[in-house]
Amino acid sequence: MPNNIDLIAIVDAATASAYERGGAHLACRPGCTQCCHGVFPISQQDAQRLRDGLAVLASVDAEKAERIRRRVADSLGRIVPLFPGDAPTGILDPDYEDAPLFADEDSVGDSEPCPVLDPATGTCDLYEARPIVCRTFGPPMRTADGDLATCELCFITASTQEIAAAELDASIPAQEAASNEAFNQKRHVHGETIVAMALSRY
């Protein structure tokens, strides 16, 4: 099973291939931040990668790191009262998807900007450390029902064949799950969290 470094290499290579095949149908570029809004779950491995990324950033650009910390604190001020899980640990409940923070449209969670999103530039301040879901968003991916899902801003004029031709490697979710399980066992951690909670433990 892939370790963290291998998983990132595998995912980035698969995503690059999907982008090459998707071509102009992919709208993703700096300044497009729709997928950077809304609270979403991340693995403990994603959380550790973000904390490591913030530590590196703090050593080379303390001001930028401090801006992230301030955005984290602001985000938690809005999120914690609605957090469906254990706030002290940041671990989400197994049924978090049914909670208002995640399920309700036009809720705080639906419009909440990711705290590592720089609102001035529309870019990610921890791009190299971003979670797997951020790395794979955009290209068509299989849902649990076997359908191909895409970002609503991408593949607008694409044919069914063009969408299928740009599909992200369908083995990625299984490889990610195996890597996360190995990480959790090694670190004695469990469950999922969110970006703000992960970075509050830096």
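Listing for the model above:
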quantity: Hits in the stretch 134-150 - residues which are touching a Cys at 6+ places or on another chain (Cβ under 9 Å) and either exposed (fewer than 11 other Cβ atoms within 10 Å of the Cβ) or within 16 Å of Ala198 (Cβ to Cβ) (or both); calculated: Cys134
quantity: Residues of the stretch 38-68 satisfying the condition of being in contact with a strand residue (DSSP E or B) (Cβ under 7 Å, 6 or more places away or on another chain) and either of a type in the set (A, V, I, L, M, F, W, C) or modelled with pLDDT under 95 (or both); calculated: Ile42, Ala47
quantity: Residues of the stretch 151-176 classified as surrounded by fewer than 19 Cβ atoms within 10 Å (Cβ to Cβ) and touching a strand residue (DSSP E or B) at 6+ places or on another chain (Cβ under 9 Å), total; calculated: 6
quantity: Ala73 part of a helix (DSSP H, G or I), in contact (Cβ under 8 Å) with a residue 60 or more places away in the chain, surrounded by fewer than 20 Cβ atoms within 10 Å (Cβ to Cβ) and out of contact with any strand residue (DSSP E or B) (no Cβ under 9 Å at 6 or more places or on another chain); calculated: yes
quantity: Any helices (runs of 4 or more DSSP H) falling wholly within the stretch 102-202 and containing at least 1 residues that are over 15 Å from Tyr19 (Cα atoms) and either in contact (Cβ under 8 Å) with a residue 40 or more places away in the chain or among the hydrophobic types (A, V, I, L, M, F, W, C) (or both); calculated: 108-111, 132-136, 172-187, 195-200
quantity: Residue under evaluation Ser107, criteria (1) modelled with pLDDT under 95; (2) out of contact with any helix residue (DSSP H, G or I) (no Cβ under 8 Å at 6 or more places or on another chain), criterion not met; calculated: (2)
quantity: Flag for Val108 being at negative phi and in contact with a Lys or Arg (Cβ under 6 Å, 6 or more places away or on another chain); calculated: yes
quantity: Residue match in the stretch 2-14 (condition: modelled with pLDDT under 95, in a loop (DSSP other than H, G, I, E, B) and not aromatic (Phe, Trp, Tyr)); calculated: yes
quantity: Exclusive hit being under 24 Å from Phe183 (Cβ atoms), of a type in the set (A, V, I, L, M), without any contact (Cβ under 8 Å) to a residue 60 or more places away in the chain and surrounded by 14 or more Cβ atoms within 10 Å (Cβ to Cβ), set Ala13, Ala99, Ala47, Ala58; calculated: Ala58
quantity: Residue count for the stretch 22-31, restricted to those that are surrounded by fewer than 16 Cβ atoms within 10 Å (Cβ to Cβ) and at pLDDT 90 or above; calculated: 2
quantity: Single unsatisfied condition, Tyr202 versus (1) within 30 Å of Ala55 (Cβ to Cβ); (2) at pLDDT 95 or above; (3) of a type outside the set (D, E, K, R); calculated: (2)
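The values are calculated or read from the model by the stated rules, or taken from the named source; none is laboratory data. What you see is a predicted model; the values in this text were computed from it and never measured. Backbone-built Cβ (ideal geometry, glycine too); neighbour counts: all protein chains shown.
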